[in-house]
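Undergrad: One structure, as structure tokens, below. Some questions next.
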Amino acid sequence: MKRLSVVIPTYNMEQLLPACLDSVVGSSAASALEVVVVNDGSKDSSLAIAREYEAKYPTIIRVIDKPNGNYGSTINAALPTLQGEYVRILDADDTFDTASLEPYIEYLQQVSGTDMVVGPYIELSQSGTRKVEYDLYNGKHFGYGQPYDAEQVFERGVIPFFMMHSVAYRTELLQRIGYHQREGISYTDQQWCFYPIFYIKSIAFTDIALYRYNLAREGQTMDSRVQLRKITELTTVVTDMAHYLDNYGNDLSHARHNFLSNVVIRRMQTVLRKYLLEMDDQSFMTSDFKHTLESFTNLAPQPLSVPVNGMLKIDLLSRWRKKGTRYPKRVRLLLNAADNFMQRIYKLIFS
């Protein structure tokens, strides 16, 4: 059995896919990997590139070619076929830190049988490079090299959420629960760090920053302008998560339910903040904000507020509820500037 399956969804990534694949096959630990490139109906030469690597590394790389169905469909296509003990997703515009792959594989062997493995990742942006930790304020609340009971992790309350770039799951667990992402829309990577949390029993932590997350690429889905254009897709993903919690959360412990509730609330706040703070007046006038707010209010596992950020507690939703309007444009610009400034300060302090 391979130690780690790596799923690489790709759509029109001919410029970046070679670097992504080289970062994996260039490791001395490559023989322990199963790399599945899922071509999502690319119109460029992505499929041809993937086939070249498959021919060159037939014991490591396997290609699945399918019609376009967006991000979730690539995960759904790959997951039932995987043979590795663990699985991670690597987006085609990102890379692994090649030098970290061998110690990471050794670590997976050390904690074999643990349901979920969590570590930091490297964020690459136009402003520079930083290491992003998984726990609150980089407090190092958990040791490395030993599995923890998942309930103990949630009870400690020091990890607010997980990122796709941080986690690996035991493949058999995802296959057994029939893990499935919504297809046809973007942002379903949020579900990767939500649905499995209902079922994991053990978590291990590592300080190995394997994933290198490229935020510098123009037009990527995390660009705030792209998110505004795709806000209905963001809304759909969050709504799915809220329904799932409502349907399957009753049997969870209080600590785990609280963790997942907070994840849903944070995602709802992100969507509503975009409407109330970032969207221009013309788009807001024709937007689906009122319906989204009503839906979120009915589904929210706890009362909704929409602070500008974790430090600037001005509640954007409170003004809407009182006056039926957003803050004036000049005030929104000031709040956006304050938000950006505080985020930079946070990164400086905790990076």
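Taken together, the values in this text are just the output of simple stated rules run on the coordinates, not laboratory data. Quick caveat, the model's predicted, so the values are computed rather than measured. Neighbour counts are summed over all protein chains in view; Cβ atoms, including those assigned to glycine, are modelled from backbone coordinates with ideal geometry.
Undergrad: Among TYR275, TYR57, which comes first, second and so on when ranked by fewest other beta-carbon atoms within 10 Å? All intermediate terms of the calculation are to be shown ahead of the outcome.
TA: On the way: TYR275 24, TYR57 17.
So the residues, fewest neighbours to most, are TYR57, TYR275.
Undergrad: Also, quick follow-up: If you average the C-alpha positions of the range 45-100 and of the range 1-33 separately, how far apart do those two centres end up, in angstrom?
TA: Computed from Cα coordinates, the inter-centre distance equals 7 Å.
Undergrad: Still on this model: Of TYR11, TYR211, how do they rank once you tally other Cβ atoms within 10 Å and put the fewest first?
TA: Fewest-to-most Cβ neighbours within 10 Å comes out as TYR11, TYR211.
Undergrad: Run the reach check for LYS43 against lysines, Cα to Cα strictly under 24 Å, same-chain hits fewer than 8 apart removed. What comes back?
TA: LYS56, LYS66, LYS230
Undergrad: Taking the 0 to 90 degree range and rounding to the nearest ten, how far is the long axis of helix 254-273 tilted relative to the main principal axis of the chain, both from C-alpha atoms?
TA: For helix 254-273, the angle is close to 70 degrees.
Undergrad: Hey, another quick one. Can you tell me the relative contact order of the range 142-242? Whole percent, Cα pairs under 8 Å, sequence separation 6 or more.
TA: So the answer I get is 41 percent.
Undergrad: Hey, what did the chain get for relative contact order, percent, Cα under 8 Å, at least 6 apart? Show your work: numbers first, answer last.
TA: Numbers: 589 pairs, mean separation 57.2, N = 351.
Contact order relative to length: 16 percent.
Undergrad: What is the antiparallel percent of DSSP beta bridges lying wholly in the chain, to the nearest 5? It would help to have the intermediate numbers written out before the result.
TA: On the way: 16 of 39 bridges.
The antiparallel fraction comes to roughly 40 percent.
Undergrad: Please label the shape of the chain as rounded, prolate or oblate, based on the square roots a ≥ b ≥ c of the eigenvalues of the alpha-carbon gyration tensor (a/c under 1.5 means rounded; beyond that, a/b larger than b/c means prolate, else oblate).
TA: prolate
Undergrad: Another question, then. Does the range 256-351 come out rounded, prolate or oblate, given a ≥ b ≥ c as the square roots of the eigenvalues of its C-alpha gyration tensor, rounded meaning a/c under 1.5 and, failing that, prolate meaning a/b above b/c?
TA: oblate
Undergrad: When only Cα pairs under 8 Å and 6 or more residues apart are kept, what is the percent relative contact order across the range 224-350?
TA: Contact order relative to length: 23 percent.
Undergrad: Quote to one decimal, in nm, the extra length available between ASP44 and ASP246 on full extension: 0.36 nm per residue of separation minus the C-alpha distance between them.
TA: Length gained, ASP44 through ASP246: 68.6 nm.
Undergrad: Under 26 Å between C-alpha atoms is the cut-off here; go through the range 245-351 and count lysine pairs that meet it, provided they're at least eight residues apart or on different chains.
TA: Lysine pairs meeting the criterion: 14.
Undergrad: Neighbour counts of other C-beta atoms within 10 Å: give me ARG88, ARG321 arranged from fewest to most.
TA: Working: ARG88 24, ARG321 12.
Result, fewest neighbours first: ARG321, ARG88.
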